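Encoded as structure tokens, the structure appears first; notes follow it.
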Amino acid sequence: MVSVDAKQAAPAAGGKGLMLGSWAQRHLNLCFVAGFLLVLLTYLVVSQQFAVTSPVAVPTTTTHRKHQAVKSPGAGEAGLTQGDRGGEGKAEAKSAQEQQHEQQPAGPPKAEGRARGVGKRDDDGAAKPFDNGKVVCRASPFSYTCDVFGDVRTNGTAHTVTLVPVTSRTERREWSIQAYARFNMTGIPNVTVTQLDSTSVASPAPACTVTHRVPAIVLALGGHLGNYFHDFSDALVPLFVASRRYGGEVQLLAGNIQPWWLGKYEAVVRRLTKYEVLDLDHDDQIRCFRHVTVGLNMHKEFNIVPELVPGGVPLSMLNFTAFLRETYSLPRAAPISLTNNKSSPPVDDNKNKKPRLMLLDRGHYRKLVNVPEIVKAAEKAGFEVTIADPRFNVRVKELALSVNSFDVLLGVHGAGLTNSAFLPPGAVVIQVVPYGKLEPMAQREFGDPAANMGLRYLEYSISVEESTLLETLGPDHPAIKDPDSVHRSGWDKVAEYYLGKQNVRVDVERFAPTLALALDHLRRH
């Protein structure tokens, strides 16, 4: 304003006005240059701040990385030997992978390829807006899973899950993972999770043919399924953890689909999803979702770690067993009451009732060779005993109702002890551990889960004199004299001798205190 006024006054001021106009002109030029530099500096500062704080800003790189789901660092040699775990009729030999969780798992790797998005939280499929979306991948000692948020498109026959970004502020990244709950399972194809670079002409986004309003879970069946323990540990428990938060409003896409498995556990699956399970391998549609979870995360064997449950609502094995009681309409939520409280008598008269004990009588390896003696000892201790040998083709609801009617479940280490999930909370599980230093495995697979189900867990480790290996191998065999040497030789030998060739003859006098502890717990419960 000052310089403009000076120019207008110049004709009336004579020579002096000209001098003032010349000075004003020079002043105007200097102000213009200074102003331009100030504006430029301000622009550069603001642009730099935006590049750091913008929700969609991501680092760029010219390297395309492909992430192969193998094993988390320090998690052991996963998948070296799977053993023979295909069904109840085969030896329940465990793979080296099943030893790896004795070690501390490595922390989840940073999710390379993750674009920043604006949402309420990472696990919220309804978070808005997603901006460019994001891919969040996590590793556990057993599993590798990816959550994909945003414009997500699945192509079943191609085994791909693709994130389509909104802007060009992304780089192309890929993760190749197996959607089964254990690493490196043979016979199950990997699913490729891709974050597209929106400027890439070589990888155009597939057009949607079906748009879903609910999130999706991509999982793989097969593997060890068919073994009753693995049906629960590898599939039912991880699927419960992944889907329960949605209240049935979730679409399952199953690769390597096993119709018999879905039929056997139909009641459970139908309570976890209101929609038909889609056969991923034969699905030629391009399905669009706002949130897709690829893979099932197994926290531990037949167990749940509440802190690792997605969705912000912790779940536990108590929640899982309560879910099973609802699913199969199991009537008992507590064992028999043996307390004598005169001021508050029980609703039903237990005066002449005895606690019921189910004795699992395996028909093959690790079987009890003196069942009549064990039955007699249990009856002498005060139990009503029923011998059971659940078969693979038994209807799950019938089995669940039967187990739920008992107060104690007794058996040698094996898949039959998985039925502890149907016992009422407060009941007792007695695991007979075969000879061969198998206690850590027994505790991990059934002891810890039983405790987390609210059950009383008791463990009876047999002596070498109670093992048939002493007769068949002789006292000088390494499997008898030095179990540690067998463990050092590898899992195959451990499975061969201690799981596949051993039967048990329980010393009933030595076993009597364990039965007494079970009865005492029921009296105090």
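Structure notes:
- From the options Val250, Val237, residue that is touching a residue at least 60 places away in the same chain (Cβ under 8 Å), open to solvent by less than 40 Å² (accessible area, probe 1.4 Å) and in contact with a helix residue (DSSP H, G or I) (Cβ under 9 Å, 6 or more places away or on another chain): Val237
- Contact annotation: residue pairs with Cβ atoms under 9 Å, 6 or more positions apart or on different chains, pairing a residue in the stretch 513-524 that is in contact (Cβ under 8 Å) with a residue 60 or more places away in the chain with a partner that is surrounded by 14 or more Cβ atoms within 10 Å (Cβ to Cβ) and basic (Lys, Arg), are Ala518/Arg456; His521/Arg456; Leu522/Arg456.
- Every pair of residues 6+ apart whose Cβ atoms lie under 9 Å, when the first sits in the stretch 172-200 and is part of a loop (DSSP other than H, G, I, E, B) while the second is among the aromatic types (Phe, Trp, Tyr): Gln178/Tyr144; Ala181/Phe142; Arg182/Phe142; Phe183/Phe142; Phe183/Tyr144; Ile188/Tyr180
- Annotation: of all residues in the stretch 353-399 being closer than 26 Å to Arg523 by Cβ and small (Gly, Ala, Ser), the one that is modelled with the lowest pLDDT is Ala388.
- Within the stretch 430-457, the set of residues being open to solvent by 10 Å² or more (accessible area, probe 1.4 Å), assigned to a strand (DSSP E or B) and in contact (Cβ under 8 Å) with a residue 60 or more places away in the chain comprises Arg456 only.
- Verdict on Ala512 being open to solvent by less than 40 Å² (accessible area, probe 1.4 Å) and closer than 23 Å to Arg362 by Cβ: no
- The stretch 146-171, residues that are open to solvent by 40 Å² or more (accessible area, probe 1.4 Å) and assigned to a loop (DSSP other than H, G, I, E, B): Thr157, Ala158, Val166, Thr167, Ser168, Arg169
- Residue in the stretch 498-505 that is farther than 21 Å from Glu445 by Cα and either touching a Pro at 6+ places or on another chain (Cβ under 7 Å) or surrounded by 15 or more Cβ atoms within 10 Å (Cβ to Cβ) (or both) present: yes
- Residues that are open to solvent by less than 60 Å² (accessible area, probe 1.4 Å) and under 30 Å from Lys380 (Cβ atoms) within the stretch 466-497 comprise Glu466, Ser467, Thr468, Leu469, Leu470, listed in sequence order.
- Any hit, the stretch 382-393, residues being assigned to a loop (DSSP other than H, G, I, E, B) and under 20 Å from Leu519 (Cα atoms): yes
- Of all residues in the stretch 289-336, exactly one satisfies the criterion of being acidic (Asp, Glu), touching a residue at least 24 places away in the same chain (Cβ under 8 Å) and surrounded by fewer than 16 Cβ atoms within 10 Å (Cβ to Cβ), namely Glu326.
- Matching residues in the stretch 360-391 - criterion: being of a type in the set (A, V, I, L, M), in contact with a strand residue (DSSP E or B) (Cβ under 7 Å, 6 or more places away or on another chain) and over 19 Å from Thr468 (Cβ atoms): Val375, Ala378, Val385, Ile387, Ala388
- Residues in the stretch 389-429 that are without any contact (Cβ under 8 Å) to a residue 60 or more places away in the chain, farther than 21 Å from Val237 by Cβ and open to solvent by less than 20 Å² (accessible area, probe 1.4 Å): Phe406, Leu410.
The values are calculated or read from the model by the stated rules, or taken from the named source; none is laboratory data. Bear in mind the structure is a predicted one, so any value in this text is a computation, not a measurement. So basically every Cβ, Gly included, is an ideal-geometry build from the backbone, and we count neighbours across all protein chains shown. Accessible surface areas use protein heavy atoms only, side chains included; no ligands, DNA or RNA. Shrake-Rupley method; radii C 1.70, N 1.55, O 1.52, S 1.80 Å.
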